[in-house]
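In what follows, a single structure is set out as structure tokens and then discussed.
The values are calculated or read from the model by the stated rules, or taken from the named source; none is laboratory data. Every value quoted in this text rests on a predicted model; they were computed, and no experiment measured them. Ideal geometry is used to build each Cβ from the backbone, glycine not excepted, and the neighbour counts take in all protein chains shown.
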Amino acid sequence: PRTFTTPEIRVDCPDRIKFQVVDAVREHFRELHDIIAIDGVRVPFADGWGLLRASNTQPVLVLRFEAATEERLAVIRMGIEDVLEGILTSFASKS
């Protein structure tokens, strides 16, 4: 079956918090999904998945998404990016 994917998406995130941000995203989705927590967090859905991990070499977070349709790809991406944005905002307000 054909799937739809995003290219690697890079989001700037300071080195000092990037692993904490990934941990916070992992904890958010752990209650809702049977996540895979190796080298970041992979959130599976019935028709796709989203992946977030911290770069080991740069101050960025790396995201990728895959889904059965373009519409679901957009929904999965938006759902995970919204959570990430909220967590990044929370960390920024603490600094």
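For the range 7-24, does any single residue satisfy the condition of being part of a loop (DSSP other than H, G, I, E, B), modelled with pLDDT under 95 and on the phi < 0 side of the Ramachandran plot?
Checking the range 7-24: not a single residue is part of a loop (DSSP other than H, G, I, E, B), modelled with pLDDT under 95 and on the phi < 0 side of the Ramachandran plot.
Is it the case that some residue within the range 29-47 is crowded, with 16+ Cβ neighbours inside 10 Å and in a helix (DSSP H, G or I)?
yes
Per-residue answers, yes or no, for (1) of a type in the set (Asp, Glu); (2) over 23 Å from residue 3 (Cα atoms); (3) in contact with a strand residue (DSSP E or B) (Cβ under 9 Å, 6 or more places away or on another chain); (4) buried (at least 19 other Cβ atoms within 10 Å of the Cβ):
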| position | (1), (2), (3), (4) |
| --- | --- |
| 50 | no, no, yes, yes |
| 61 | no, yes, yes, yes |
| 78 | no, no, no, no |
| 82 | yes, no, no, no |
| 92 | no, yes, no, no |
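Could you tell me how many of the residues in the range 58-95 are among the charged types (D, E, K, R), without any contact (Cβ under 8 Å) to a residue 60 or more places away in the chain and either in contact with a Cys (Cβ under 9 Å, 6 or more places away or on another chain) or within 19 Å of residue 12 (Cβ to Cβ) (or both)?
Count: 5.
Which residues, taken from the range 19-49, are in contact with a Ser or Thr (Cβ under 9 Å, 6 or more places away or on another chain) and of a type in the set (Gly, Ala, Ser)?
Matches in the range 19-49: 24, 48.
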